Amino acid sequence: MQETTTHSVSIEQRKTIAVSGVESVVAFSESKITLALIGGEKLHCSGAELKITGFSKTSGTFTASGKIFGISYGGKGFASKIFK
């Protein structure tokens, strides 16, 4: 049986982010949070003054607050791998 890979992302007024379908928090700093999603994909959130306000591994929910500049999926881009 195939494992479900659904998740959702909600950002409110660029101040709070809520994500469902989270497997783990891979990395965290005040400017970037990296999450591992169910199914193996990664989600990156960039911003300033970021703080984790909640994470439940059992339910797969994650929340954070701060100044959110953007989110992206996947790893580093091709150019960043070449030019270190």
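Can you list the aspartates and glutamates whose alpha carbon is less than 19 Å from that of Lys67, not counting same-chain residues fewer than 8 positions off?
Glu12, Glu30, Glu49
Non-local amide H neighbours of Phe69 (under 5 Å, H modeled in plane, Pro and chain starts lacking H): which ones?
Distant-sequence amide H within range of Phe69: Ser46, Gly47, Ala48.
At 0.36 nm per residue, minus the direct Cα-Cα distance, what do Thr58 and Ser29 gain on full extension? Give it in nm, one decimal, please.
In short, 8.1 nm is gained.
Throughout, read-outs are computed from the coordinates displayed, never taken from laboratory work. As the structure is a prediction and not an experimental result, all values here were calculated from the model.
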